[in-house]
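Student: What follows is a single structure, and I will ask about it in a moment.
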């Protein structure tokens, strides 16, 4: 091939270099496909471009944390929607609500010092069709609800406060009376529930003290959670089942620069449950999920596949700090549901957890619905790379005839553990270990940095 023009030759050379070796690993999903630019183009919401501003206090809503103002605020949302859309602005103050429902073209903005506080009286919430624990059922909606929207945003630096203490106490009292009660038996709302929607961005706000799951996204695509703080306590009263982010049958989802610390999973991938969950159109897979540049405080697991989950594909957790989480990666293997977890990468993680990798059968509340024998599940093409972490137990991987684990790669791992339990890995077929250093320590004092850097982690 002969080039008459030198500039053309150089352009050709650059294209050849890019196509052969110029694509960086961080620009690829675990299956080798290119990560779209959408994941990198993260701009703050400009409420000046979203239409008319509806300041709550201009429309008869009063700054009073004791008066339920759901109907007044819903009327403002409805008026904005009928008038072509706009931004519902919550000014400084505390406003008591139950469930409000956003419409196409409407948005929510919480100014500094603004609080939308959830009612702790369940009779103030309607019962309606919603998605909960891998099924579509009659249950309670969230405080903030959006269904079938394109371009919905929540912005500002205010707070959504679920006011969950009364619900938590009632849950534990019910569990004391009936140890077999399920999570849904104690009636309680979530804080954010967004379903069947696309082009969603939630940024900067604080979400705290949820009665149940903190934020839940069902059958959504192109969702960005940016700079959020999501909190629920583990003491003095445990906030049960307060998952920070539940991703339920979604695709193209970004969680970036957030601080998550809750009394359950920080991020849980869901999608359905039951022997025929993979055949039910109401269920679905999670695909192309990136979780990066975050900090995690106490939680049951940083990333969990399950407990209601059928297929998770192209999942990336990277460039994050972890402090006092119970588990880093938890694969819940449910015997009543066919599950498939594949192409999952966890990389560039530092900090401490109780258990580094946790894989066991998950038998709580399972139901084969009359079918005989467990459903077979699979987890493969799992990469754990560039991780420096301290833990009590490195590997808690139980062998089982209910699932198959294969094609795991551990690369450049530095792990300090009181219980390395390397023999647990023998159940994994085609396990590759490259520069894996697991050092046993005798005392928990040698595991953790005594310095409390929780405030630093939130920055």
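The values are calculated or read from the model by the stated rules, or taken from the named source; none is laboratory data. Keep in mind it's a predicted model, so treat the numbers as computed, not measured. As a convention, Cβ positions derive from the backbone with ideal geometry for all residues, glycine included, and neighbour counts pool all protein chains shown.
Student: Among the residues in region 30-44, are any within 19 Å of residue 201 (Cβ to Cβ), free of Cβ contacts under 8 Å to residues at least 12 places away in the same chain and over 25 Å from the mean Cα position of the chain (by Cα)? Quick ask: steps written out before the conclusion?
Tutor: Looking only at region 30-44, we keep the residues that are within 19 Å of residue 201 (Cβ to Cβ), and these are 35-44.
Still in the running and free of Cβ contacts under 8 Å to residues at least 12 places away in the same chain: 37, 40-41, 43.
Still in the running and over 25 Å from the mean Cα position of the chain (by Cα): none.
Checked against the condition, which is being within 19 Å of residue 201 (Cβ to Cβ), free of Cβ contacts under 8 Å to residues at least 12 places away in the same chain and over 25 Å from the mean Cα position of the chain (by Cα), region 30-44 yields no hits at all.
Student: Quick one: how many residues across region 256-269 are in contact (Cβ under 8 Å) with a residue 40 or more places away in the chain and farther than 13 Å from residue 303 by Cα?
Tutor: Counting residues in region 256-269 that are in contact (Cβ under 8 Å) with a residue 40 or more places away in the chain and farther than 13 Å from residue 303 by Cα gives 2.
Student: Given the criteria farther than 20 Å from residue 186 by Cβ, under 20 Å from the mean Cα position of the chain (by Cα) and modelled with pLDDT of 95 or more, does residue 146 qualify?
Tutor: Details: farther than 20 Å from residue 186 by Cβ: yes; under 20 Å from the mean Cα position of the chain (by Cα): yes; modelled with pLDDT of 95 or more: yes.
In short, yes.
Student: Another question about this same structure. Test residue 159 against the stated conditions and say whether it is closer than 18 Å to residue 109 by Cα and either surrounded by fewer than 23 Cβ atoms within 10 Å (Cβ to Cβ) or in contact with a helix residue (DSSP H, G or I) (Cβ under 9 Å, 6 or more places away or on another chain) (or both). Quick ask: steps written out before the conclusion?
Tutor: On the way: closer than 18 Å to residue 109 by Cα: yes; either surrounded by fewer than 23 Cβ atoms within 10 Å (Cβ to Cβ) or in contact with a helix residue (DSSP H, G or I) (Cβ under 9 Å, 6 or more places away or on another chain) (or both): yes.
It is true that residue 159 is closer than 18 Å to residue 109 by Cα and either surrounded by fewer than 23 Cβ atoms within 10 Å (Cβ to Cβ) or in contact with a helix residue (DSSP H, G or I) (Cβ under 9 Å, 6 or more places away or on another chain) (or both).
Student: Still on this structure, please answer the following. Do you know which residues across region 405-419 are crowded, with 16+ Cβ neighbours inside 10 Å and farther than 21 Å from residue 312 by Cα?
Tutor: Hits for region 405-419 are 413, 415, 416, 417, 418.
Student: Separate question: Yes or no: residue 337 surrounded by 17 or more Cβ atoms within 10 Å (Cβ to Cβ), part of a strand (DSSP E or B) and in contact (Cβ under 8 Å) with a residue 60 or more places away in the chain? If you could, list the steps in order and put the result at the bottom.
Tutor: Working: surrounded by 17 or more Cβ atoms within 10 Å (Cβ to Cβ): yes; part of a strand (DSSP E or B): no; in contact (Cβ under 8 Å) with a residue 60 or more places away in the chain: yes.
No.
Student: Sticking with this structure for a sec: What's the total number of residues in region 340-353 that are surrounded by fewer than 22 Cβ atoms within 10 Å (Cβ to Cβ) and closer than 12 Å to residue 310 by Cα?
Tutor: Residues flagged as surrounded by fewer than 22 Cβ atoms within 10 Å (Cβ to Cβ) and closer than 12 Å to residue 310 by Cα within region 340-353 amount to 2.
Student: Within region 185-203, can you find the residues that are in contact (Cβ under 8 Å) with a residue 60 or more places away in the chain and touching a helix residue (DSSP H, G or I) at 6+ places or on another chain (Cβ under 7 Å)?
Tutor: Narrowing region 185-203 to residues in contact (Cβ under 8 Å) with a residue 60 or more places away in the chain: 187-189, 191, 193, 195, 201, 203.
Matches in region 185-203: 187, 188.
Student: With respect to residue 74, determine if the residue is touching a strand residue (DSSP E or B) at 6+ places or on another chain (Cβ under 8 Å), surrounded by 13 or more Cβ atoms within 10 Å (Cβ to Cβ) and either at pLDDT below 95 or part of a loop (DSSP other than H, G, I, E, B) (or both).
Tutor: In short, no.
Student: So, of the residues in region 422-459 that are modelled with pLDDT of 90 or more and assigned to a loop (DSSP other than H, G, I, E, B), which turns out to be nearest to residue 260 (Cα to Cα)?
Tutor: 441
Student: Return the only residue of 405, 383, 413 being part of a strand (DSSP E or B), modelled with pLDDT of 95 or more, closer than 18 Å to residue 321 by Cβ and in contact with a strand residue (DSSP E or B) (Cβ under 6 Å, 6 or more places away or on another chain).
Tutor: Working: 405 fails: closer than 18 Å to residue 321 by Cβ; 383 fails: closer than 18 Å to residue 321 by Cβ.
Going through 405, 383, 413 in turn, just one is part of a strand (DSSP E or B), modelled with pLDDT of 95 or more, closer than 18 Å to residue 321 by Cβ and in contact with a strand residue (DSSP E or B) (Cβ under 6 Å, 6 or more places away or on another chain): 413.
Residue-wise test of (1) closer than 30 Å to residue 135 by Cβ; (2) crowded, with 18+ Cβ neighbours inside 10 Å.
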position	(1), (2)
363	yes, no
373	yes, no
388	no, no
403	yes, yes
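Student: Can you list residue pairs whose Cβ atoms sit under 7 Å apart, with the first residue in region 160-181 being without any contact (Cβ under 8 Å) to a residue 12 or more places away in the chain and the second being in a helix (DSSP H, G or I) and surrounded by 13 or more Cβ atoms within 10 Å (Cβ to Cβ)? Count only pairs 6 or more apart in sequence or on different chains.
Tutor: Close Cβ pairs (under 7 Å, with a partner that is in a helix (DSSP H, G or I) and surrounded by 13 or more Cβ atoms within 10 Å (Cβ to Cβ)) amount to 181/174; 181/175.
Student: Looking at 395, 356, which one is closer than 30 Å to residue 273 by Cβ, touching a helix residue (DSSP H, G or I) at 6+ places or on another chain (Cβ under 8 Å), surrounded by 15 or more Cβ atoms within 10 Å (Cβ to Cβ) and at pLDDT 95 or above?
Tutor: That would be 395, the only listed residue that is closer than 30 Å to residue 273 by Cβ, touching a helix residue (DSSP H, G or I) at 6+ places or on another chain (Cβ under 8 Å), surrounded by 15 or more Cβ atoms within 10 Å (Cβ to Cβ) and at pLDDT 95 or above.
Conditions (1) at pLDDT below 95; (2) not in a helix (DSSP H, G or I), marked per residue:
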{"site": "163", "(1), (2)": "no, yes"}
{"site": "170", "(1), (2)": "no, no"}
{"site": "180", "(1), (2)": "yes, yes"}
{"site": "212", "(1), (2)": "no, yes"}
{"site": "216", "(1), (2)": "no, yes"}
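Student: Follow-up. Mind listing just one residue for me: the one in region 37-55 that is in contact with a strand residue (DSSP E or B) (Cβ under 6 Å, 6 or more places away or on another chain) and part of a helix (DSSP H, G or I) and, of those, nearest to residue 102 (Cα to Cα)?
Tutor: The extreme case among them is 47.
Student: Additional query: Looking for something part of a loop (DSSP other than H, G, I, E, B), surrounded by fewer than 24 Cβ atoms within 10 Å (Cβ to Cβ) and touching a residue at least 12 places away in the same chain (Cβ under 8 Å) - is there at least one such residue anywhere in region 242-255? Talk me through it step by step, then tell me what you get.
Tutor: Looking only at region 242-255, we keep the residues that are part of a loop (DSSP other than H, G, I, E, B), and these are 242-244, 249-250.
From what's left, surrounded by fewer than 24 Cβ atoms within 10 Å (Cβ to Cβ): none.
Scanning region 242-255 turns up no residue that is part of a loop (DSSP other than H, G, I, E, B), surrounded by fewer than 24 Cβ atoms within 10 Å (Cβ to Cβ) and touching a residue at least 12 places away in the same chain (Cβ under 8 Å).
Student: I would also like to ask the following. Name the residue that is farthest from residue 36 (Cα to Cα), counting only residues in region 306-323 that are touching a residue at least 60 places away in the same chain (Cβ under 8 Å) and part of a strand (DSSP E or B).
Tutor: Selected residue: 323.
Student: I need the full set of residues from region 264-296 which are buried (at least 22 other Cβ atoms within 10 Å of the Cβ) and assigned to a loop (DSSP other than H, G, I, E, B), in order please.
Tutor: If the condition is that a residue be buried (at least 22 other Cβ atoms within 10 Å of the Cβ) and assigned to a loop (DSSP other than H, G, I, E, B), then 264, 271, 272, 273, 274, 283, 294 are the ones that fit.
Student: I need a count of the residues in region 109-134 that are assigned to a strand (DSSP E or B) and surrounded by 17 or more Cβ atoms within 10 Å (Cβ to Cβ).
Tutor: The number of residues fulfilling the criteria is 10.
Student: Moving to a separate point now. Given the condition over 18 Å from residue 62 (Cα atoms) and out of contact with any helix residue (DSSP H, G or I) (no Cβ under 9 Å at 6 or more places or on another chain), answer yes or no: does some residue in region 86-96 qualify?
Tutor: no
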